[in-house]
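Take a look at the structure set out below.
Since every read-out is calculated from the coordinates, none of them should be taken as a lab result. Every value quoted in this text rests on a predicted model; they were computed, and no experiment measured them. Cβ: placed from backbone, ideal geometry, glycine included. Neighbour counts: every protein chain shown.
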Amino acid sequence: MAVRSPQTSTEWLAYYRLRYEVLRQPWQQPLGSERVPEDEAPTTVHAMCVMPNGAVAGVGMLQPARENKGQVRFMAVAPAWQGQGIGRELLVYLEEAAMQLGYAEIILHAREAAVPFYQRQQYTIVAPSHTLFGSIPHFLMAKTFAR
Ligand SMILES: CC(C)(COP(=O)(O)OP(=O)(O)OC[C@H]1O[C@@H](n2cnc3c(N)ncnc32)[C@H](O)[C@@H]1OP(=O)(O)O)[C@@H](O)C(=O)NCCC(=O)NCCS
């Protein structure tokens, strides 16, 4: 497998489709709700994991946040590929991009069920955050880079 940014229009479609299927469709959210204006910003980094057969197995993005921080959003691994290290590979890719961009820290709002995944990658809970779709509690988490 390889982690890199989407390049072709076909890859961009697959990128957003997986984001929708994992993070929006199960909660009956409309197509298009998986996209945000920050997706188009030149400072945003998009990552996808491509399998040898060309299938997109996982996605994630990094955008700038206040105080020289980066924010990871929309981490999603296809159900069939979860638990096989793909989420970790995506996060490492985004963390390396964050370090190259000079960010001192990464923050993210983790779904409750994903908190142990981020803790495993040395993120710590900062505070409870919002509840998405009236049913998914989130936690603000952070990881500071060693200097
Ligand atoms: C959360 C998610 C991105 C993690 O990706 P993944 O590919 O399944 O995770 P990995 O296989 O890379 O896991 C890395 C490590 O975290 C652990 N882990 C992953 N998910 C976990 C969970 N929910 N609870 C406890 N441990 C978990 C793995 O066991 C693995 O441990 P190891 O270091 O001992 O091998 C993915 O499961 C997913 O897309 N879930 C549904 C959508 C979602 O919640 N996205 C996050 C929104 S904030």
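Starting from the amide H of Ala65, placed 1.01 Å from N in the peptide plane, find each other amide H under 5 Å away whose residue is 5 or more places distant or on another chain.
Here the answer is Gly70, Gln71, since their amide H atoms fall under 5 Å of that of Ala65.
Given a cut-off of under 8 Å on Cα pairs at least six residues apart, what relative contact order in percent is computed for the chain?
Details: 244 pairs, mean separation 27.4, N = 147.
Value for the chain: 19 percent.
Along the positive direction of the dipole of segment 2-104 (beta-carbon charges: Lys, Arg +1; Asp, Glu -1; about the Cα centre), which of Leu94, Tyr20, Met48 reaches farthest?
Farthest along the dipole direction, towards plus: Tyr20.
Under a Cβ-only charge scheme (Lys and Arg +1, Asp and Glu -1), can you give me the dipole magnitude of segment 2-104 about the Cα centre, in debye to the nearest 20?
Once rounded to the nearest 20, the dipole reads 140 debye.
Given a Förster distance of 22 Å, report the FRET efficiency between Trp12 and Met51 from their Cβ-Cβ distance, rounded to the nearest 0.05.
It comes to 0.80.
Would you mind putting 53-61, 77-85 in packing order, based on average other-beta-carbon counts within 10 Å, highest first? Provide the component values of the computation, followed by the final result.
Working: 53-61: 19.4, 77-85: 14.1.
Those peptides, ordered most packed to least, come out 53-61, 77-85.
State the extension gain, in nm to one decimal, for the chain segment bounded by Gln28 and Lys69, taking 0.36 nm per residue of separation less the distance between their alpha-carbons.
Values: separation 41, 0.36 × 41 = 14.76 nm, distance 3.19 nm.
11.6 nm is the gain from fully extending Gln28 to Lys69.
Suppose R0 equals 22 Å. What FRET efficiency, 1/(1 + (r/R0)^6) with r the Cβ-Cβ distance, do Val115 and Met1 give to the nearest 0.05?
Rounded to the nearest 0.05, the efficiency is 0.30.
Using the per-residue mean of other Cβ atoms lying within 10 Å as a proxy for protection, in what order, highest first, do the peptides 99-108, 6-15 fall?
99-108, 6-15
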